[in-house]
Number of protein chains: 2
Amino acid sequence: MSEYLYPINDILFSLRSVAKTERLTPYLEDSVDNDLLEAILGEAGKLAEQVIAPINASGDKEGSRVENGEVIEAKGFKEAFKAYSEGGWIGLSGDPEYGGQGLPSYVATAVNEGVQAANLAFSLCPLLSLGAIEAISLHASAELKNLYLPKMLAGEWAGTMNLTEPAAGSDLAAIACKATADGDVFRIKGQKIFITWGDHQMSDNIIHLVLARLPNAPDGVKGISLFIVPKFILDDLGKPAHRNDVQVVSVEHKMGIHASPTCVMSFGDKEGAVGYLVGQENEGIKAMFTMMNNARQGVGLQGLAISERAYQQALAYAKERKQGMNAERTARAAIIEHPDVLRMLMTMKSQIDAMRSLIYVAAVENDMSHLASGDDKKHAIARTALYTPIVKGWITEQAQEITSLAVQVHGGMGFIEETGVAQHARDARILPIYEGTNGIQAIDLIGRKLHSDKGAAMMSLLADIEAEVAEWQTSSVSAYADKVKAVLDQAKMATETCLTAMQKNPVLGTGLAYSYMMLMGYLVGAWLQVRALHAAQNDEKLDESQKSSWEHSVAFYCDHVLPRALGHIHSIMFGSTTVDNLNKNVFNR
Amino acid sequence: MSEYLYPINDILFSLRSVAKTERLTPYLEDSVDNDLLEAILGEAGKLAEQVIAPINASGDKEGSRVENGEVIEAKGFKEAFKAYSEGGWIGLSGDPEYGGQGLPSYVATAVNEGVQAANLAFSLCPLLSLGAIEAISLHASAELKNLYLPKMLAGEWAGTMNLTEPAAGSDLAAIACKATADGDVFRIKGQKIFITWGDHQMSDNIIHLVLARLPNAPDGVKGISLFIVPKFILDDLGKPAHRNDVQVVSVEHKMGIHASPTCVMSFGDKEGAVGYLVGQENEGIKAMFTMMNNARQGVGLQGLAISERAYQQALAYAKERKQGMNAERTARAAIIEHPDVLRMLMTMKSQIDAMRSLIYVAAVENDMSHLASGDDKKHAIARTALYTPIVKGWITEQAQEITSLAVQVHGGMGFIEETGVAQHARDARILPIYEGTNGIQAIDLIGRKLHSDKGAAMMSLLADIEAEVAEWQTSSVSAYADKVKAVLDQAKMATETCLTAMQKNPVLGTGLAYSYMMLMGYLVGAWLQVRALHAAQNDEKLDESQKSSWEHSVAFYCDHVLPRALGHIHSIMFGSTTVDNLNKNVFNR
């Protein structure tokens, strides 16, 4: 089992030189200076490496279980969660009014990269808590905020998100869970499935955020409201006191993230679970959507994180494992000396570099969308909305390939569970599914993001790429800029084709959505790779070997990863009729 | 859990109309007529569907274990193996002199597609037995053949292949297991790992084929000999009598194929395991290589089989699961009505069609290589050698994508083990690894197959494709033929680039190997897809709906799968320097 090393230098470089965190400085009361950022990430790295990573494999093996109606999590998780909470990590970017530290959320993103890489199953508990915190912060009354936020930001209470029901997965309009008024509170009844960390013993209370329907609510998504349903109802002093009518029914037996209990939750088997309305009646979906960018970018981050973890393990094995002879045939070679193994490792590394750049660029843009004002804010909101499905969809698709390549580098040992690398591939397999499947992300990109503003936000992004690439064409990175430009020109045509297809038929047009999402991922990845190289070449903090490492990564990306965009462009430009013509009957041979 | 349906019509169509089994007629004493073939495959289908498929999920859950030094396989496997043996399936293409039925091996391939799809873990036991049977048939003395083959062909005794050791995986030159003469026999000592079905209770004896080194043997692969080491040494009547000095040490805990015991085997802990030399001393590797085409094509077949199984399950789920509204927004839709789901299903289906065509084309060519004579035989040997790494490498890569897409179509349910589809993805993950990793396949293609005859065999294949495509360009499939031709022209240039790179430096050149293998897979797949469509349009047995289904598959393949070749062509044409420049130090950032 290899150790995980938090890649602090790559993260700092991405933040400063690619995502350009200085963009936020005008909007921050206390800007995050370099020393502070390094200190925070240094501590986060230690926690990830020393506390959270060591229980990853054991958690996978042990999983979690239900005993007497309570979920018992894997050994060591409670202690790790305590260390995590006491370190103040949950409240990092929380509202200082409720005990948060008020840092921009990119800092939390950088911290979470380490936590997620160290232990994806563990990381979901604080991540879902953060989602619940955000929902409450943005939409709940001051009274509810005062009651719940301080404990949640301190990590004393955890949070969950309860959306999915057996008949309502991608289609939230089908939610059937019921809420009825009962004096000042509501009574919630219904079953929820796929509830991540729906129960556990790591915190004194669990605050469930639950989507449910009030009586006479409109059909569809416009009739769904959001409720706080605590596991323990608070007493007059705000302390968890009475067990609420919510029960875990079972935990799922999954392909991966075994240590993360995925729960079937039953609300209101007896008198109805006590719930408190968050925001306005029938506006629950809107509340969910305001959290969507963070949550989806969070899953993209998981794709980066687990890819980095798997890559580190593959690299370590490739340096150590001897098979075959070196090129001079004078000695046995470590497999990293074989060109095909170098190809696999650089396929991982160069994509991880691009993914990381995109993660932090999108995170800083997301901060801009909250912190800036006026046109800057509007622009940042539109750009964030555009990045989000690419971050979630494209990065988690890449994570499938990268974690699979990490298995492959190990040969037969990769297939043996004790090696530990198969776990990363199994864990990563959930990422294209949850928080909106990648099909949903692709449709979001081509529909809600491209089609609905007639391509304005996308054209603005493509124009920014073009302008930056044009600057580089007379610089030391001109050779790579030319390669990006060649694909960019075709991507503009593909964008027009997608717009036309969506205008013609917004349902059929979504047949091109996946190819378009992947195309944009590869293109944006290439753009940011060249930006990273340009910055690296002009960065005095990097030595020649580090600069050279960047050049290899970017050259490989441009020659061996970016060309995949050609296939997607071809699909879009020449293949829309083929997709339009499909229907369920053609599978009946 | 969906049921598996043996796709007999697609298989018969592939065999007759794409692989053209009539090519073998001149060389067969008793040709296999249509009625006989249909009858055989009909029975095989029943066995796969009714006996072997039902124990697939239970076998995955239960796995196998070691008790008192013996492997206990999952429940129901012994009975299934008995049914399989008694049906005469193992001896289907075996030598009639020893009780086989002497059918061409493509019949066995078609049977095995069903067995492997039904239960990959189970199928490995007869598959490895067949490998052992082949080694003995081709290389052992008449005495050994008489002793072992009849019982093995009858399925009363199973067989295994013992190659890998802890330090000798891809690199067989590192084999250290020792053999020393002891009167008429040899004594074998050493440890073997990753031995598939190395022990079990399903047969009366297990015949291990073991690679080991004699004293004073030359170093490397030229000093390795092949031995028969039976679990039970035979008495004078040829009956299993005395326990040999071979023990299973443990079974591995793997990502997939749980029911297939992957054993650590210890030979000669006491007095040395009794072994019998197969073929000449120091020629064990040569014996292994003569089996390589069959074994590697067999793993490619597994890639097709498990893809078909996963696809069937995804298709069934997509027809049944309702989410969202139909295009007219008048009713809830089965997810198969959504364009992005149709895209996923056709990505699976069109590739499976291409993969199946390639499997049976290569299988018939393999039969030709054994049955034909003179120049025909030579040509078939070269063509088979060329197909083999593409069959193994490309098809098993596609199987990763297809089984993963099958999970994706299921959404959250796909990640839950009880759904059964995750098992296919986990099981499939071994395919790019064993029987020569796909990196080794790619290097075999660009080195041993392309470079070593200066491209002659490959040029011959490309010329055949070009000639057939030219014929189609004036037919009803001309639009698709044009698309294949466009890629073919570029593939010829990429082939020249690879040849030049290999001539310049046969080690560095292998950095292009993987892209070249994938390119050839997509191209050959497209060629055979168009051949299939051309045949389907002229096939009176197919109705209009079946013909239309073929057209959708081929159109989708040409527009959405074949374009991936463009990326690989670009990698090869413009990216060789980028790969050449890689070395282990560039990963040290």
Tell me, which helices (runs of 4 or more DSSP H) lie completely within segment A:497-589 with 2 or more residues that are aliphatic (A, V, I, L, M) and more than 10 Å from chain B (Cβ to nearest Cβ)? A:513-537
Of all residues in segment B:31-87, how many are farther than 17 Å from residue B:124 by Cα, of a type in the set (Gly, Ala, Ser) and in a helix (DSSP H, G or I)? 3
With the requirement that a residue be under 18 Å from residue B:197 (Cα atoms), outside any loop (DSSP other than H, G, I, E, B) and among the charged types (D, E, K, R), what does segment B:243-295 give you? B:243, B:254
Are any of the residues in segment A:397-415 within 20 Å of residue A:350 (Cβ to Cβ) and acidic (Asp, Glu)? yes
Just wondering, is there one or more residues in segment A:185-200 that are part of a strand (DSSP E or B), in contact with a Leu (Cβ under 7 Å, 6 or more places away or on another chain) and more than 26 Å from residue A:156 (Cβ to Cβ)? no
When only residues in segment A:369-413 that are in contact (Cβ under 8 Å) with a residue 40 or more places away in the chain and among the basic types (Lys, Arg) count, which is surrounded by the most Cβ atoms within 10 Å (Cβ to Cβ)? A:392
Inspect all residues belonging to segment B:6-18 and state whether any of them is free of Cβ contacts under 8 Å to residues at least 24 places away in the same chain and away from chain A (no Cβ under 14 Å). yes
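Residues checked against (1) in a helix (DSSP H, G or I); (2) modelled with pLDDT of 95 or more; (3) within 20 Å of the chain's Cα centre (by Cα); (4) not aliphatic (A, V, I, L, M):
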position	(1), (2), (3), (4)
A:127	yes, no, yes, no
A:136	yes, yes, no, no
A:143	yes, yes, no, yes
A:146	yes, yes, no, yes
A:151	yes, yes, no, yes
A:155	no, yes, no, yes
A:170	no, no, yes, yes
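Among the residues of segment A:394-424, which ones are under 21 Å from the mean Cα position of the chain (by Cα) and within 7 Å of chain B (Cβ to nearest Cβ)?
First pass over segment A:394-424, keeping only residues under 21 Å from the mean Cα position of the chain (by Cα): A:394-406, A:421-424.
A:400, A:404, A:422 - these are the residues of segment A:394-424 that are under 21 Å from the mean Cα position of the chain (by Cα) and within 7 Å of chain B (Cβ to nearest Cβ).
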Output yes when any residue across segment A:370-377 is within 13 Å of another protein chain (Cβ to nearest Cβ), on the phi < 0 side of the Ramachandran plot and outside any strand (DSSP E or B), and no when none is. no
Taking the residues in segment A:136-188 that are of a type in the set (A, V, I, L, M) and in contact with a Ser or Thr (Cβ under 8 Å, 6 or more places away or on another chain) as candidates, determine which candidate is nearest to the other protein chains (Cβ to nearest Cβ). A:161
Candidate set from segment B:576-589 (those that are touching a residue at least 24 places away in the same chain (Cβ under 8 Å) and of a type outside the set (A, V, I, L, M)); member that is surrounded by the fewest Cβ atoms within 10 Å (Cβ to Cβ): B:580
Can you tell me how many residues within segment B:196-237 are among the acidic types (Asp, Glu) and in contact (Cβ under 8 Å) with a residue 12 or more places away in the chain? 3
Given (1) in contact with a Ser or Thr (Cβ under 9 Å, 6 or more places away or on another chain); (2) surrounded by 24 or more Cβ atoms within 10 Å (Cβ to Cβ), where does residue A:119 come up short, assuming only one miss? (1)
Selected residue (criterion: farthest from residue A:573 (Cα to Cα)) from residues of segment A:466-486 that are among the β-branched types (Val, Ile, Thr) and crowded, with 22+ Cβ neighbours inside 10 Å: A:477
Go through segment A:320-368 and report how many residues are touching a residue at least 12 places away in the same chain (Cβ under 8 Å), facing chain B (nearest Cβ under 7 Å), part of a helix (DSSP H, G or I) and over 21 Å from residue A:564 (Cα atoms). 1
Being farther than 12 Å from residue B:589 by Cβ and more than 27 Å from the chain's Cα centre (by Cα) narrows it down to one of A:562, A:582, so name that one. A:582
Take residue B:308 and decide whether it is buried (at least 23 other Cβ atoms within 10 Å of the Cβ) and more than 9 Å from chain A (Cβ to nearest Cβ). yes
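The values are calculated or read from the model by the stated rules, or taken from the named source; none is laboratory data. Computed from a predicted model, the values in this text were never measured in an experiment. Glycine gets a Cβ as well: all are built from the backbone with ideal geometry, and neighbour counts include every protein chain shown.
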